[in-house]
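Report on the following structure.
The values are calculated or read from the model by the stated rules, or taken from the named source; none is laboratory data. All values derive from a computational prediction rather than experimental measurement. Neighbour counts are summed over all protein chains in view; Cβ atoms, including those assigned to glycine, are modelled from backbone coordinates with ideal geometry.
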Amino acid sequence: MDGLLTAIKTANHDQQPVLSTAAEELHRETASSKRDIRPNAELHGDATSSEHILAVLKSQPDQDELTRVLAILDPSNKTIASKDFDIRVPRPVTAQILNALVTITIPDHWDSLGTRSKTSKSGNKKLRAALLRCLSSVAGISCLVAQLRSLIAACRSSAQHAKSSGHNIQIRDILAAIAALLKPNDFAFRLHAEIERLYSNTAQKQVAWRELLSLIAASRVLSTAAEALTLVTELDGLASISWVGDGAKYSAWIGGNICHMASKIAPDNEEAWKALALLTGRSLSLGYTDQLVREIYIGLLVQQAQSQRYGALFDHLRSTEQLAVLEAIFRDIEKKHFSSEIPGDKTTDASGEVVSSVAAVCSVIIQGRSALQSQLIDWLAKGQGGSIYTFGLRRSLLAYFSQQEDLINTLISRSMDQSGDKFYIKHAPIRCQEANTQVVLLAAGYLQRLDPAAMMFIGRSGIFLNTVSNRLAASSTRARLLGMLIGTSISRLIEQQGKGMKFDLEEMESDGALWYLDLIQVHDITGSAESIQSLKQSVPKPAEEPKKPSSGASAQKKPARTAKIVAIEEIEDSENEEEEDDDLIPYEKPDEDPSDSDDDPTLVQRNKPTPPVYIRDLITYLRDTENVERYELAITTAPSLIRRKTGFGTELAENLEELALVIVGSQEQGRLPKFQEYQLQSMIALIVSQPLKMGHWFSAIFFDGDLSQPQRSAILTSLGLSARELGGNGEADAKALKLPSLSNSSFPSKQLPANLEALYQTESPIASLTKQLSRSSLEPLAATANDALTGPNALKVRAFSSRMEVEKKRQERETQRQQSTVKDLYKVLSQGLFFPLKGRFEMMMLQFSSSTAPSYNPFYTPHLFTLFIQTLTLILSTMGPHTPFLPTLTHETLTFLLSLHARPMSDDPSILSALLSLFLAIVDLNIASGTSGEERLVTEFATQVMELREWVSEAFNRTAAVQDASDPREHVRTLAAGVMVKLGEVIERYQGRLMGVNSGFKY
């Protein structure tokens, strides 16, 4: 029998993909046919009864019947409302009706009622609004979330048939309904008002409100929507609903609801304020505190002058929540108004108007709250904590404290006591000590103007003398300088002219020292409540791309063309012309144009984008990610355009930070070869254009920006290569590393394709340069060891002519390097690159170590952490041994190594190798600087050096010897041996000088 039947065709019904348009139309036709044949006998009875409404909804009603049912269920319709139940109150009947609305009505009718419908009418919009009003309750939202979870589970369980099922379309419709339901800013306020009206019992009100908070403020809606969005990425119409699953946008929406609710609640409604504070506290747990708090404080304080309502909300929060809100406000203010500040540079200081307005904001938040005031004093005195990172914010806080003499007196006493603590001087990051010094000097100036006698008492007290003496005895050069600045500034205030402390040192005459000495003259005032409104104008707005004029408008502007119709007559060819044509030399066939390769001439794109010639055009091109050709053109031309604009006018300086932000955040849109190289060259060009400013900016965004690991790696690579270029080694590094230049003229056949080159390139440029520097440092040691085995140097003869040639080439390279070296190289590399990177890293470590809950630290990723250490090594080596900041750099580097060498992550071979390279680099710099540098290692920094030497010895002993030179463990042993040998030579030479050995004296 099996042989008699042959399968000709196999058809699987109900397996047509619903994603297609035809499938959707078939689904609608099927549903309409079912509605036409449904029995009407079951629908007799009271139209307002729950049984009748439920029967109608389950029978797949048409739009007219649905309109009548929703009119009965609509809470806003009081004329024909049902007397048996209220759709907003949780009951078994309402649960069944809501389930029918979510599982039947929305899949059948939402697409025709939505904004995407081409046949959308005003009646459909009213029907859609009525449906949303029926779902606008705690039970309605809970039902939507439950249905969404069941659809997600069904879609994941049948993943192989996901495209052939309708689950993804239903998920999209449920997400659209949730987005439309939650979108208004008065959503939370309306539901709170309805809960107050529907329930008479206080306990029921609290239960209903907490259930709502568990949905919208405890991430149930957010997490479920985010998971659902990952399943419907192939569908269209997601742009307007994706915010429900985006944490930042969702938190901003909650912040807008909190702001609206706070502006509508009566000031004497204590229960409402408690409910709003509960909503705010639960929303802070979403993990997007900055976005949430930004909407609240800007809406209530900046855009509207409602400081009393903000204070009422703030006072109802718990103490930990108040601190979280305060720190989020500080971070947002610093990002918007003080991000371009460079400590020690007067030109980058914020204006007095901005400082006064920010001080007014701080006054609204802190005024009358003693717990916050004491916490702020503690943060300012220590120079760390509270997200207070910029000098402008410290100015604003000191301007507020200057209104109260007791607070400013307490602040200067606490700050000076902290500044004189020996443990603080030795172990606190220099960035924190600089912040502490700024607070001491600012507070001293304010206290002198408020009460000169109190300032005189502090200047004569033991706290002041102890601070100055302990700092002058510190091992760190920077710590000693800060002590000199404190002593000089305060003695100028309390002593007569010419009788104060004076230190005749070169460092005290530098621009940075003069900036610190002028802090006692800073006098800012707290602005009025109306001055807060001025912060709206000072916030930089992102530049919008100019809209293209419509075709109709452009057609109207074009002048009408008139053409005269002339007669067309045929000209006969003559024999003479044919003879003349024989003498003409034909042109060669032109090269083929890729744009003409299309067979259809209507598809040829001849409006090609032109390269940008202005920085504003470049920013516009880089933001136009939809036009791939235009975007790639901007990426390829950005490095050369930035370098052309460097030092030419003010166009680049005015748009520097905006351009840097766009370039750092740019993503590869197409398959542009060497996209990362072009992006890296653009960042290098930006840093080289203004190294001090952009060094601080890139260091800040590396730690504070919401970036991926590749973006952070690109920032570190650009900082390291920029340091080399500023030091005059840019061309040499490019040749040594075979980096692509702006005009790459190498023969294409000698290069691998872009995709293969990316596979075989396993090492970053920073790692290659660091290994090259370590190798050059250890080669003399290897040569000396080889000499001991092969014989004396007298037997190794080299031709005199070769020595002359080598010396000539070396002098040429040195001359070329000096010509390409930037002015104030040591200041730029130390204060613009090294100190900001190292300081922000220490602040990050303090932030994570002070956290009570263990959290993931992205900066401790082995690859990124190794690259960070290698970048510091590269910057340090580029400065060379003759930098005047060498003692400070040595102290900072040894402190950095001591803080990391005992951590578990330092056992990783790659991280250990980077740490040893950094230690070797700082030892080499001190040795190359002469006997003073060597003596500094074994006298001033003897404790740190010997501890690190023991660590290096242990690392050498516990690392197994391997024969493979490419193994990281072999590199660790080589570096450790080199460090121990060099330190041993330094110790021997110093002991010899002490004992008179090899000192050159003869008897």
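Structure above, values below:
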item: Scan of the stretch 94-121 for residues that are at pLDDT 60 or above and of a type in the set (Gly, Ala, Ser), ordered by number; result: ALA95, ALA100, SER112, GLY114
item: Elements of type helices (runs of 4 or more DSSP H) in the stretch 904-964, at least 3 residues being crowded, with 18+ Cβ neighbours inside 10 Å and within 35 Å of the chain's Cα centre (by Cα); result: 909-928
item: LEU481 vs. criteria closer than 25 Å to LEU889 by Cβ, assigned to a helix (DSSP H, G or I), among the hydrophobic types (A, V, I, L, M, F, W, C) and touching a Leu at 6+ places or on another chain (Cβ under 7 Å); result: no
item: Qualifying residue in the stretch 349-362 (condition: among the charged types (D, E, K, R), within 30 Å of ALA653 (Cα to Cα) and modelled with pLDDT under 90); result: yes
item: Close pairs (8 angstrom Cβ cut-off, 6 or more residues apart or separate chains): outside the structural domain of ILE525 (by TED's automatic domain parsing) in the stretch 353-375, among the polar types (S, T, N, Q) and in a helix (DSSP H, G or I) anywhere; result: none
item: Filtered residues of the stretch 411-433 (kept if of a type in the set (S, T, N, Q) and either touching a residue at least 60 places away in the same chain (Cβ under 8 Å) or crowded, with 22+ Cβ neighbours inside 10 Å (or both)); result: SER415, GLN418, SER419, GLN433
item: Filtered residues of the stretch 162-207 (kept if under 25 Å from GLY245 (Cα atoms) and of a type in the set (Lys, Arg)); result: LYS163, ARG172, LYS183, ARG190
item: Those residues of the stretch 394-425 which are touching a Ser or Thr at 6+ places or on another chain (Cβ under 8 Å), assigned to a loop (DSSP other than H, G, I, E, B) and over 21 Å from SER351 (Cα atoms), in sequence order; result: GLY420
item: Checklist (1) within 18 Å of LEU505 (Cβ to Cβ); (2) free of Cβ contacts under 8 Å to residues at least 24 places away in the same chain; (3) hydroxyl-bearing (Ser, Thr, Tyr) applied to SER461, failing item; result: (1)
item: Filter result for the condition that a residue is among the aliphatic types (A, V, I, L, M) and either over 21 Å from ILE342 (Cβ atoms) or touching a strand residue (DSSP E or B) at 6+ places or on another chain (Cβ under 8 Å) (or both), over ILE430, ILE412, ILE388; result: ILE412
item: Sole residue being of a type outside the set (Lys, Arg), modelled with pLDDT under 90 and more than 30 Å from GLY880 (Cβ to Cβ), chosen from ASN729, ASN655; result: ASN655
item: Answer residue from the stretch 480-500, given it is surrounded by 13 or more Cβ atoms within 10 Å (Cβ to Cβ) and modelled with pLDDT under 85 and is nearest to ASN470 (Cα to Cα) among those; result: GLY500
item: All positions within the stretch 255-289 that are in a loop (DSSP other than H, G, I, E, B) and in contact with a helix residue (DSSP H, G or I) (Cβ under 6 Å, 6 or more places away or on another chain); result: ILE265, TYR288
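Residues are listed down the side, and each one gets a yes or a no for (1) surrounded by fewer than 20 Cβ atoms within 10 Å (Cβ to Cβ); (2) over 21 Å from ILE106 (Cα atoms); (3) at pLDDT below 90:
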| site | (1), (2), (3) |
| --- | --- |
| GLN170 | no, no, yes |
| ILE178 | no, no, no |
| ALA188 | no, yes, no |
| LEU191 | no, yes, no |
| ARG197 | yes, yes, yes |
| VAL221 | no, no, no |
| GLU234 | yes, no, yes |
| LEU238 | yes, no, yes |
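The rows are residues; the columns are (1) farther than 14 Å from MET484 by Cβ; (2) loosely packed, with under 12 Cβ neighbours inside 10 Å; (3) modelled with pLDDT of 85 or more.
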position: GLU506; (1), (2), (3): no, yes, no
position: LEU514; (1), (2), (3): no, no, yes
position: THR526; (1), (2), (3): yes, no, yes
position: SER531; (1), (2), (3): yes, no, no
position: GLN537; (1), (2), (3): yes, yes, no
position: LYS541; (1), (2), (3): yes, yes, no
position: ALA553; (1), (2), (3): yes, yes, no
